[in-house]
Every structure is written in C-alpha cells, then in structure tokens.
Amino acid sequence: MQPVDIARYKYKETLHDQCGVFGIYAPDTEVAKITYYALHSLQHRGQEGAGIAVSDGQKLRSIRHMGLVTSVFNEENLSKLQGFIAVGHNRYSTTGGNTPQNTQPVIIPGNGNFFAVAHNGNIVNADLLAKKLVGVKRFSTSDTEVLALSIFHNPKPSWEEKILAASKDFIGAYSIIAVTKNKLFAFRDPWGIRPLVIGKLNGYYVVASETCALDTIGANYIRDVGNGEVISIDSSGLTTIGMIGKKPLKFCLFEYVYLARPDSLLNDVLVHEVRQRSGKILAHEAPVAGDLVVAVPDSGTSAALGYSQASGIPFGEVLIKNRYIGRTFIAPEQHIREQGVKAKFNPMKKIVFGKRLIVVDDSIVRGTTMKKIVEVLRKCGAREVHIRICSPPVRHSCYFGVDTPNRKHLIASHRKISAINSFIGSDSLRFLSLKGLIKASKLKASRLCTACFSGKYPMKVNYGFSKNILENVC
Ligand code: SF4
C-alpha cells in the first residue's frame with residue numbers, strides 16, 4: 001500500500017495559499033543559505049516544490065525540485081549557489097500542476113541575459129497574455145512563465161521600463177520577486193492582494209512574503225511593498241522605480257483567517273491578534289453553554305483562545321495533531337480523505353468524556369474534516385459538540401492565488417448553515433459574520449478582498465482562461 005498523505009487532508013480541506021517568495025541582495029553574504037532559512041519559515045505557503053536562483057553578476061545558478069525545502073536543499077548543493085542576489089520560492093499547486101516544469105523561480109535565459117521570477121498570486125488574464133507571445137517558446141503551463149516572458153520580451157530597453165510597461169497588462173494577484181544579472185526587483189499588483197514585505201539584514205535589503213521570514217533570518221521589518229509599487233534593489237540601495245496603475249488596496253482577508261503564520265505582521269497587524277479578536281467577537285455573536293473551548297490545531301488555536309477569554313469558558317487541549325506525517329502521497333478519494341482525518345487529529349478521550357465541547361476552527365470548505373472530527377469526539381464520549389467557525393461561510397472560489405475547490409465542492413455554496421450542521425453532525429454550528437471578521441482585522445472593509453465570502457471580486461475575473469492555465473496557478 002502506498003503511504004498516505006494525511007497532512008494534506010486538512011490542507012486540502014481548507015483554502016490554501018499557493019506560494020511563498022523571498023529575495024535578497026547582499027554582496028559578501030551567503031545569500032543561498034539565507035534564502036534557504038527564509039523559505040523554510042515560509043513552508044506553510046507551499047509544500048510541493050522549492051527553488052532558489054542566485055546571480056553572481058554574470059551567471060545564474062539555480063536548484064528547483066519537487067518537495068519540501070529540507071528535502072530539496074542540503075549543505076552541498078547550497079554551496080554551489082554562489083553569488084550576491086538570490087530569489088527563492090515555495091510552491092503549492094493544484095492537482096495536475098504539480099510537475100517539475102512548474103517549479104519556480106521561472107528562469108528566462110536569452111541574449112546573454114537572464115530573468116528569474118518567483119510569483120505568489122494568479123494572473124486571471126494569463127491566457128490572453130499568452131496569445132500575445134507570438135513565436136515565443138513556452139516550457140511550462142504556468143501563468144508565472146507567461147508573466148516572465150511578457151516582461152522579458154517587452155521591447156523597452158531597460159528592465160525597469162520592461163517591468164513597468166508589461167505589468168500594466170497583468171490582471172490579477174501578483175507579489176513578485178525577480179532577479180537579473182545585477183538587480184533584484186519586487187513588485188505587487190495594484191490591488192496588493194497578496195502580501196510582500198521589505199526587511200533589512202546587516203545593511204542589505206531583503207523581500208519576503210511574510211515577516212516571519214524576516215524574523216527567522218534576523219532581518220528587521222522596514223515596510224510593505226505598496227500596492228502597485230515596483231522597487232529595485234542594487235548597489236545604490238532601494239529605489240521605487242514607479243507604480244503599476246492606481247487602484248485601492250484590496251488585501252486578502254483570508255490571509256488573516258488561515259493563510260499566513262500567526263507570528264507574521266500583515267499591514268502592520270499581528271495575525272495571531274486578529275485571530276484572537278475574531279474568536280472574541282464570535283463568542284459575543286454566537287454564545288453557547290459549554291464546559292471546554294477546544295481548538296482544531298493549529299489554525300484554530302488563536303481564535304479558540306479568544307473565544308475562551310470572551311466567554312469565560314476554559315480553553316483545553318483535546319485534539320492532538322500528529323506533526324510527523326509525510327507528504328509523499330496525495331489521495332483525493334473521499335474514503336481515504338476521511339480516514340486521514342482520524343490519524344491527523346487524535347482526541348484525548350479522558351478529557352473529552354462527558355463534556356460539552358465548543359470546537360473552534362478557522363473555516364469550513366468541504367465539511368468532510370469537521371464531520372469526522374465531530375464523529376471522533378462523539379465516539380470519545382463528548383456530551384455535546386458545538387462548532388464555532390471564525391470566518392464567514394466560504395461560498396465562492398478564489399481566482400487570486402489560493403487553491404479553492406470547484407464551487408460545487410464548497411459546502412456553503414449550496415447548503416444552508418442548518419443543513420451543514422446536520423451534515424457534520426454537530427449540536428450547533430455558527431460562523432463569524434463578515435462584519436465581525438473585518439472588525440477583527442482592524443482594516444477598513446474598502447481595503448480588503450472578501451470575495452470568497454461575499455462574492456464581490458475586486459476586478460473582473462472571467463477572461464475565458466483555460467483549464468490548462470488554471471491548473472497551474474501559483
Ligand atoms: S477571494 Fe479574496 S479574500 Fe478570498 S482567498 Fe481569494 S484573495 Fe483572499
């Protein structure tokens with residue numbers, strides 16, 4: 001029997017981000033090793049492939065493979081990545097897009113030059129852009145390659161002008177770090193949907209998806225790359241070279257719910273505190289009598305603490321997560337997925353027995369994981385199981401770089417909350433209101449993308465893109 005990727009069942013059950021990016025410009029520094037540590041801290045953003053490309057001013061050397069950061073890189077291969085500018089990428093892909101050709105950074109060589117690109121997000125008009133690349137050979141099916149080729153083949157003379165000119169045609173979410181022979185570029189779509197932050201390490205600049213990567217390598221957080229901002233980093237320091245369009249910020253609200261690490265700052269707001277506040281607000285919106293507030297670890301933990309603090313009901317650890325499950329095999333079949341949940345979360349029977357439990361989690365996507373959790377808690381003798389979800393029902397697909405199942409698999413898209421409650425077998429089920437979640441984020445509603453909850457997309461998303469492109473978004 002093949003090994004089963006238990007971890008992926010929870011992973012696939014919730015929405016999941018699709019990439020983590022990191023870049024560094026630092027002469028006389030082991031840039032590949034620093035990128036390795038940064039990517040390791042961004043592993044939660046992508047677990048199916050990793051890559052690092054390093055420029056020494058003449059040549060670009062790269063390593064890109066399928067697998068976790070720790071399995072792709074070792075002392076020996078990292079020591080071969082000599083240079084002073086590095087870009088790294090963690091990849092998550094949907095089924096079908098999980099191929100070595102789609103690992104990043106995407107590297108475009110030609111005319112004695114090169115352009116290496118790491119991308120987090122999804123270009124919704126990638127098919128249209130691909131059609132404009134007449135006569136240009138493509139090696140992968142990713143939208144990132146289309147984006148990189150569009151910049152590389154833009155007729156403007158300098159990289160700065162190429163990026164500014166080509167990016168005006170990109171529609172969608174993109175937080176990008178790119179490396180040329182002597183420069184590091186970082187830029188973000190005009191809506192700033194996915195995060196991208198700037199830090200400083202020993203006087204040199206670094207750019208990363210999240211501040212947790214800066215903490216890991218000992219860099220100080222400076223600021224976010226602004227929405228639509230294009231920056232270049234070279235021997236003269238950091239320069240904003242221009243803006244791509246002018247749009248209001250529409251930062252992804254789901255980053256706060258699940259995608260980002262709790263120890264990261266997003267828009268200067270600590271993710272853990274947003275989750276804790278969301279739990280507190282939920283306790284006021286959806287109170288229920290119970291003996292113990294428990295979290296579905298790890299993403300529900302901060303919110304469960306908040307729910308416990310606001311309700312006065314004690315917080316207790318009940319579901320123990322197996323953290324040592326391999327990711328070697330992905331089995332989408334329903335019966336295996338359900339079995340997987342049991343192995344991932346082991347409830348402590350002694351604590352559960354006879355209790356009225358309030359189980360807090362970040363979101364419900366298909367409902368199969370929560371159904372199984374309720375089932376095992378009841379088997380352990382729970383007297384009542386009440387589910388409290390710290391986000392609104394996910395009713396719409398994401399087109400901006402987050403893996404969402406087809407809308408028909410989003411349980412809240414076609415079932416009422418009472419029907420979901422019956423399906424998962426809980427005594428009660430309540431979701432946090434959108435208003436409550438926005439309040440917890442401390443950002444204005446007008447500055448957030450809420451589309452997977454509200455259906456209100458910040459831009460047109462239907463460009464007739466093909467399945468081919470969509471399968472390989474990153
Ligand atoms: S639809 Fe918007 S809020 Fe939802 S995951 Fe995608 S970017 Fe985030």
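Across the stretch 141-249 the C-alpha pair distances fall into 5 Å bins from zero in the proportions 2, 12, 23, 25, 20, 12, 6, 1 percent.
Placing a pseudo-label 7 Å from each Cα along the Cα-to-Cβ vector at SER428 and ASP291 gives an inter-label distance of 1.8 nm. Kindly identify the stretch 270-443 as rounded, prolate or oblate by the Cα gyration tensor criterion: order the square roots of the eigenvalues as a ≥ b ≥ c, call it rounded if a/c is under 1.5, otherwise compare a/b with b/c, prolate if a/b is larger, else oblate. Rounded is the answer for the stretch 270-443, as its axis ratio a/c remains below 1.5.
The angle between the Cα long axis of helix 271-285 and the main principal axis of the chain comes to about 30°, on a 0 to 90 degree scale.
If you plug the beta carbon distance of ARG383 and LEU128 into 1/(1 + (r/R0)^6) with R0 = 45 Å, you get a FRET efficiency near 0.20.
In this simple spin-label approximation, GLU161 and ALA445 carry label points 7 Å from Cα along the Cα→Cβ vector, and these lie 4.5 nm apart. The distance separating the Cα centre of the stretch 213-258 from that of the stretch 344-382 comes to 39 Å.
Sorting the segments 356-366, 23-33 by their mean number of nearby beta carbons within 10 angstrom, highest to lowest, gives 356-366, 23-33.
Between HIS414 and LYS200, the contour length at 0.36 nm per residue exceeds the Cα-Cα span by 72.3 nm.
Relative contact order of the chain, taken over Cα pairs closer than 8 Å and 6 or more residues apart, is 18 percent. Length gained on full extension, ASP169 to VAL136, computed as 0.36 nm times the residue gap minus the Cα-Cα distance: 10.1 nm. For the chain, the Cβ-based charge dipole about the Cα centre amounts to some 1380 debye (Lys, Arg positive; Asp, Glu negative; other atoms uncharged). Projected onto the charge dipole of the chain (+1 at Lys/Arg Cβ, -1 at Asp/Glu Cβ, origin at the Cα centre), which of MET66, GLN101, LEU377 gives the Cα projection farthest towards the positive end? Checking the options against the dipole of the chain, the answer is LEU377. With the charge dipole of the chain set up from +1 on Lys and Arg Cβ and -1 on Asp and Glu Cβ about the Cα centre, the Cα lying farthest toward the positive end among the listed residues VAL197, LEU81, PHE453 is that of PHE453.
Pull up the cross-link candidates among the lysines for LYS350, meaning alpha carbon to alpha carbon under 23 Å and not fewer than 8 places away within one chain. Result set, ordered by chain and number: LYS321, LYS342, LYS371, LYS372, LYS379. Over all pairs of different C-alpha atoms, the chain has a mean inverse distance whose reciprocal, the Kirkwood radius, equals 22.7 Å. The modelled label-to-label distance for the pair GLU75/VAL269, using points 7 Å beyond Cα in the direction of Cβ, is 4.5 nm.
When the listed pairs LYS80/LYS162; LYS247/LYS439; LYS59/LYS247; LYS416/LYS442 are checked against a 27 Å cut-off, the alpha-carbon distance exceeds it for LYS80/LYS162; LYS59/LYS247; LYS416/LYS442. When each of the peptides 292-305, 46-59 is scored by how many other beta carbons lie within 10 Å of its residues on average, the order from highest to lowest is 292-305, 46-59.
Dipole magnitude for the stretch 88-234: about 340 debye, using +1 per Lys or Arg Cβ and -1 per Asp or Glu Cβ, origin at the Cα centre. Among HIS119, HIS153, the ranking by other beta carbons within 10 Å of each residue's beta carbon, starting with the fewest, stands as HIS153, HIS119. Segment ILE222..GLN43, full-extension length gain: 62.2 nm, with 0.36 nm per residue of separation and the alpha-carbon distance subtracted. Taking Cα atoms only, the orientation of helix 301-311 departs from the longest principal axis of the chain by about 40 degrees. Based on DSSP H segments of at least four residues, each scored -39500 (n - 2.57), the chain has a per-residue ellipticity at 222 nm of -8000 deg cm²/dmol.
None of the figures in this text is laboratory data; all of them are computed from the coordinates on show. Note that the coordinates shown come from a computational prediction; the quantities given were computed from them, not determined experimentally. With ideal geometry, Cβ positions are generated from the backbone for all residues, glycine too; neighbour counts draw on all protein chains shown.
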